[in-house]
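One structure is given below, encoded as C-alpha cells.
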Amino acid sequence: MSSKRDEYRESARECIRLASITNDPQLRDILRRHAQEWLRLAYADQEERFQDVVAGFNAERLVQRQPLQQQQSKLVTDEPDERG
C-alpha cells in the first residue's frame, strides 16, 4: 500500500507529464501550479525539502510561486484608485 506522500507525488508527476504534452500555454501553467500544490501536500511536514523540490522543478520552467504577502500587495496596487 502506498503512502499519501507517494500518491501526491504521483499526482504531481501526472500534472507535469500532461503539461509537457499540451500546446495550450494557459493549461500548461495551470497544470504546473497543480503539480506544485501536490508537492506541497506531499512535503507538508518537510517545508525545507519541499522548497528544494520546487526549486528543482522551477529550474525546469515551472511557475514560481510568490509569497502570499507579495501576491496580496500586488492585488492592492493593481486596483484602481477610488479617488480618481
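Once fully extended, how much extra length lies between I30 and A55, figured as 0.36 nm per residue of separation less the alpha-carbon to alpha-carbon distance? Mind dumping the intermediate values first?
On the way: separation 25, 0.36 × 25 = 9.00 nm, distance 1.75 nm.
Computed gain between I30 and A55 is 7.3 nm.
Put a dot 7 Å past each Cα toward the Cβ at E10 and N23; how far apart are the dots in nm?
3.1 nm
Short version: ³J(HN,Hα) in whole Hz for each residue of segment 6-11, in order, from phi by Karplus 6.51 cos²θ - 1.76 cosθ + 1.60 (θ = phi - 60°), x for Gly and Pro, what are they?
4, 5, 5, 5, 5, 5
What order do you get for R17, R9 when you list them from fewest to most C-beta neighbours inside 10 Å?
Working: R17 11, R9 19.
Ascending Cβ contact count within 10 Å gives the list R17, R9.
Where a number appears in this text, it was derived from the coordinates with a stated rule and is not lab data. Quick caveat, the model's predicted, so the values are computed rather than measured. FYI the Cβ positions are ideal-geometry reconstructions off the backbone, even for glycines, and counts take in every protein chain you see.
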